[in-house]
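Engineer: First the structure, which I've put down as structure tokens, then a few questions once you've had a look.
The values are calculated or read from the model by the stated rules, or taken from the named source; none is laboratory data. Only a predicted model underlies this, so the values are computations on that prediction, with no experimental measurement involved. With ideal geometry, Cβ positions are generated from the backbone for all residues, glycine too; neighbour counts draw on all protein chains shown.
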Amino acid sequence: MKKNKGFTLIELLVSVAIVSGLGVLLAQAFFTTSRSNTKVERMTDVKQNGEYTLAVMDRMIRNARTLTATCSSDGSVATLSAAIVNPDGLTTTFMCQMDGSISRLASVSASATEYLTSNAVTLGGTSCDTDSLVFYCTAIAQVPRSLKVSFQVSQKGTPVDQFEKASTTFQTSIGIRSQ
């Protein structure tokens, strides 16, 4: 009797099924990793924008001569902008401002408008409202004024998949040194 060398049809089908299963698992792992990396990159951009904005506002407000926002003793009055008088005597106003179709946090002074957030992120979309940016000023007798700043930074545009959406809320309280 002569023995045939080779594989049977069943052996070939089983090996093709195993290789296909491994291929599907590897492809799924690749796409999951790719999506996670995209989300991390977007969140990093959002966080860097928010932290930079807070740092600039903190430095400017802390070193201001005066704060000209409407203040209350309990910090319950919300405003959409806050104005300060800088050490050079000029006024700067922090506010949400539209840049085309993007709402951005801006520092507006007599000489120019400086956007504190990049054009890759937005303060909530296509409008400036209390969901985008809000200031609470507190003035208590014998205590320097303080300003609570709260804003939400989101990636520009709306992704199809909510998993990929990057959005973070930032808030801090800043005390005025010279008041």
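Engineer: Given the options ALA110, ALA120, name the one that is touching an Asp or Glu at 6+ places or on another chain (Cβ under 7 Å) and either more than 23 Å from THR138 (Cα to Cα) or of a type in the set (Ser, Thr, Tyr) (or both).
Structural biologist: Result of the check over ALA110, ALA120: ALA120.
Engineer: Considering the stretch 139-154 alone, what residues qualify as being surrounded by 12 or more Cβ atoms within 10 Å (Cβ to Cβ) and either at pLDDT 85 or above or of a type in the set (Gly, Ala, Ser) (or both)?
Structural biologist: Those that are surrounded by 12 or more Cβ atoms within 10 Å (Cβ to Cβ) and either at pLDDT 85 or above or of a type in the set (Gly, Ala, Ser) (or both): ALA139, SER146, LEU147, LYS148, VAL149, SER150, PHE151, GLN152, VAL153, SER154.
Engineer: Here is a follow-up. Looking at (1) in a strand (DSSP E or B); (2) among the hydrophobic types (A, V, I, L, M, F, W, C); (3) modelled with pLDDT under 90; (4) under 19 Å from the mean Cα position of the chain (by Cα), find the lone condition where ALA106 falls short.
Structural biologist: For ALA106, the exception is condition (3).
Engineer: Right, here's the next one. Of (1) more than 30 Å from ALA139 (Cβ to Cβ); (2) at pLDDT 85 or above; (3) assigned to a helix (DSSP H, G or I), SER36 satisfies all except one. Which?
Structural biologist: Unmet condition: (2).
Engineer: Out of the residues in the stretch 44-73 that are out of contact with any Cys (no Cβ under 9 Å at 6 or more places or on another chain) and part of a loop (DSSP other than H, G, I, E, B), state the one that is surrounded by the most Cβ atoms within 10 Å (Cβ to Cβ).
Structural biologist: Selected residue: ALA64.
Engineer: Scan the stretch 136-145 residue by residue and report those that are within 13 Å of THR66 (Cβ to Cβ) and in contact (Cβ under 8 Å) with a residue 40 or more places away in the chain.
Structural biologist: CYS137, ALA139, ARG145
Engineer: Exactly one of (1) in contact (Cβ under 8 Å) with a residue 24 or more places away in the chain; (2) exposed (fewer than 10 other Cβ atoms within 10 Å of the Cβ); (3) farther than 30 Å from CYS128 by Cβ is unmet by SER76. Its number?
Structural biologist: Here SER76 clears every test but (3).
Engineer: Just checking, which of VAL40, VAL24, VAL56 is within 17 Å of the chain's Cα centre (by Cα) and either of a type outside the set (A, V, I, L, M) or more than 26 Å from LEU147 (Cα to Cα) (or both)?
Structural biologist: Selected residue: VAL40, the only one of VAL40, VAL24, VAL56 that is within 17 Å of the chain's Cα centre (by Cα) and either of a type outside the set (A, V, I, L, M) or more than 26 Å from LEU147 (Cα to Cα) (or both).
Engineer: If you don't mind, there's one more thing I want to ask. Any chance you could count how many residues in the stretch 85-124 are touching a residue at least 24 places away in the same chain (Cβ under 8 Å), out of contact with any Lys or Arg (no Cβ under 9 Å at 6 or more places or on another chain) and not hydroxyl-bearing (Ser, Thr, Tyr)?
Structural biologist: Number of matching residues: 4.
Engineer: Is one or more of the residues making up the stretch 11-31 assigned to a helix (DSSP H, G or I), modelled with pLDDT under 85 and not basic (Lys, Arg)?
Structural biologist: There is at least one residue in the stretch 11-31 that is assigned to a helix (DSSP H, G or I), modelled with pLDDT under 85 and not basic (Lys, Arg).
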